[in-house]
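Below is one structure, written out as structure tokens, with a few remarks after it.
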Amino acid sequence: MNWVYLPLTIGIYWLALQLHRRIKTPLLNPVLVTLAALVALLLLADIQYAAYDQYSHILTDLLQPAVVALGVPLYLQIHTIKRDLPKILAAVLIAVIVAVGSTTAIALALGASADIAASLAPKSVTTPIAVLISEQIAAHPSITAIAVIITGLVGSVVGIPWMQALNIHHPKAQGIAMGAACHALGTARIVELGEEQGAYSALSLVFSAVFSAMLCPLLVPQIVSLMN
């Protein structure tokens with residue numbers, strides 16, 4: 001029966017997508033609903049994740065070309081992006097400093113150990129790079145991976161309503177914010193609003209990963225040292 005895991009996952013996502021189309025609410029984000037349903041199913045049926053992943057890993061493998069596909073809207077907006085590049089770099093740099101600094105400081109202030117705080121620091125970066133950063137700063141890659149997933153899911157659900165509540169309607173600003181704050185899942189969500197948002201979000205995602213890889217090893221130890 002192991003062969004059923006792949007079509008089951010696709011079926012659950014399709015049902016979640018139909019539900020989201022009928023009931024327009026961020027709380028019914030298809031990815032979030034699918035993840036919750038699969039976790040519940042695996043727990044109730046006592047199915048090991050390794051067994052599930054063995055027959056459904058093709059979906060994870062498809063994430064790589066999916067991320068590459070984000071380059072299409074980027075290419076379509078290349079002339080505008082070239083003109084705005086200095087502003088984009090400055091905005092993403094500030095976003096990374098704030099994200100890494102505030103996450104580490106808040107975690108320590110709430111009583112987390114230094115290694116846990118360091119594990120949470122790269123939460124706004126796409127998973128493969130976040131895990132590498134975590135290893136570089138002697139943190140826990142597994143905790144980092146969980147933090148990244150939660151950040152992406154929460155961002156994809158509340159990001160757009162939150163920006164609308166703050167009266168942020170400019171496509172470029174929306175794209176940069178989602179890419180820097182909630183990586184690929186945020187980019188996949190914001191691209192639904194338009195190609196311009198998707199292009200700026202994809203670029204922001206890339207720059208966020210680069211800046212985080214450079215700054216985390218510098219900022220996290222300094223913050224830990226100051227607060228301990």
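In this structure, does Gly186 turn out to be without any contact (Cβ under 8 Å) to a residue 40 or more places away in the chain and within 15 Å of the chain's Cα centre (by Cα)? Considered against the rule, which asks whether it is without any contact (Cβ under 8 Å) to a residue 40 or more places away in the chain and within 15 Å of the chain's Cα centre (by Cα), Gly186 comes out as yes.
Remark: pairs (first residue in the stretch 1-20, farther than 13 Å from His57 by Cα and among the hydroxyl-bearing types (Ser, Thr, Tyr); second residue part of a helix (DSSP H, G or I) and at pLDDT 85 or above; Cβ separation under 7 Å; 6+ apart in sequence or on different chains) = Tyr13/Thr34. Scanning the stretch 137-168 for residues that are in contact (Cβ under 8 Å) with a residue 60 or more places away in the chain and either exposed (fewer than 14 other Cβ atoms within 10 Å of the Cβ) or charged (D, E, K, R) (or both) yields a single hit, Pro161. In this structure, Ser142 does satisfy being part of a helix (DSSP H, G or I), over 16 Å from Met214 (Cβ atoms) and among the hydroxyl-bearing types (Ser, Thr, Tyr). Just one of the listed residues (Leu59, Leu38, Leu42) is assigned to a helix (DSSP H, G or I), closer than 24 Å to Glu192 by Cα and touching a helix residue (DSSP H, G or I) at 6+ places or on another chain (Cβ under 9 Å), namely Leu59. Looking across Ser208, Ser212, Ser201, one residue alone is buried (at least 20 other Cβ atoms within 10 Å of the Cβ), out of contact with any Pro (no Cβ under 9 Å at 6 or more places or on another chain), assigned by TED's automatic domain parsing to the domain that holds Ala130 and of a type in the set (Ser, Thr, Tyr). It is Ser208.
Scanning the stretch 109-127 for residues that are of a type in the set (S, T, N, Q) and at pLDDT 90 or above, we see that the one that is surrounded by the fewest Cβ atoms within 10 Å (Cβ to Cβ) is Ser113.
This table checks each residue for (1) surrounded by fewer than 16 Cβ atoms within 10 Å (Cβ to Cβ); (2) under 22 Å from Cys182 (Cβ atoms); (3) at pLDDT 80 or above; (4) not assigned by TED's automatic domain parsing to the domain that holds Gly186.
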position: Trp14; (1), (2), (3), (4): yes, no, yes, yes
position: Leu27; (1), (2), (3), (4): yes, yes, no, yes
position: Leu42; (1), (2), (3), (4): yes, no, yes, yes
position: His57; (1), (2), (3), (4): yes, no, no, yes
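Of all the numbered requirements in (1) more than 19 Å from the chain's Cα centre (by Cα); (2) farther than 21 Å from Thr126 by Cα, Leu28 misses one, and that requirement is (1).
The sole residue among Ile88, Ile106 that is out of contact with any strand residue (DSSP E or B) (no Cβ under 6 Å at 6 or more places or on another chain) and surrounded by fewer than 16 Cβ atoms within 10 Å (Cβ to Cβ) is Ile106.
The values are calculated or read from the model by the stated rules, or taken from the named source; none is laboratory data. A quick note: this is a predicted structure, and the numbers were derived from the prediction, not measured. Cβ sites come from the backbone with ideal geometry, for glycine too, and all protein chains shown count toward neighbours.
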